[in-house]
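Just passing along the structure, written as structure tokens.
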Amino acid sequence: MKYVCSICGYVYDDEKEAIPFSELPASWCCPVCGAPKDVFVPAEPEKPKDTDNAGEPQKDVASASPEAAESGDDILGYTAVEMSAIMSNLARGCEKQYKSEESALFKELSEYFLKAAPKEQRPDAGKLSELLSADMTSIYPQISDAAKEQGDRGTQRVCVWGEKVTAVMRSLLERFRREGAGFISGKKVWVCSVCGFIYIGENPPSVCPVCKVPAWKFDVAERR
């Protein structure tokens, strides 16, 4: 039996390894990208890729009122924190296109919404896990299907990257809930600045297993 890492594609072949995959401990990680054991899936024949196919209409954030942001209420379905994240992503996108002025403006908006957001009194790991699961089972499939309908290959690629990164995030969160912060004790948490892939270790991988950028694109996540 063969098992494939859904993040980097590494194949664990029971016939070639000393220990069957099913007998590996839950703490075992992919030797290539460091992804947890639970993101491995049984190897299956490759299916033909469907390149035909639409993005869902974007919400009009321009009509959001300052009062809504300052109160911390949802803005067209988004909270102030989510709006801050959206603006931050747009700032990064402009930066990649060498649009420094636009990037600076989106960063300013991101900071504005973040300051307006109510403070989280006690982060809920269980709630975060539910949100990540919802992304995997509902949000990404919907966006991916819409992109296929319109033949939007760029959005399809984003979905593939996002699904892989979210799978790693969810697995790491579940491990944190089981083992506590000890599993990262003495280690560094690296985050790919392009796709968000998380790697735990002394040094980042030479190449991001998700989006293939070099190691210098990784940043160390500092403890707050």
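The values are calculated or read from the model by the stated rules, or taken from the named source; none is laboratory data. Values in this document were obtained by computation on a predicted structure and should not be read as measured data.
In the set Leu173, Leu131, which member is part of a helix (DSSP H, G or I), under 15 Å from the mean Cα position of the chain (by Cα) and farther than 24 Å from Arg92 by Cα?
Leu173 is the lone residue from the list that is part of a helix (DSSP H, G or I), under 15 Å from the mean Cα position of the chain (by Cα) and farther than 24 Å from Arg92 by Cα.
Kindly indicate which of Val165, Val158 is at pLDDT below 90, aliphatic (A, V, I, L, M) and not assigned by TED's automatic domain parsing to the domain that holds Cys29.
None of the other options fit; the residue is Val158.
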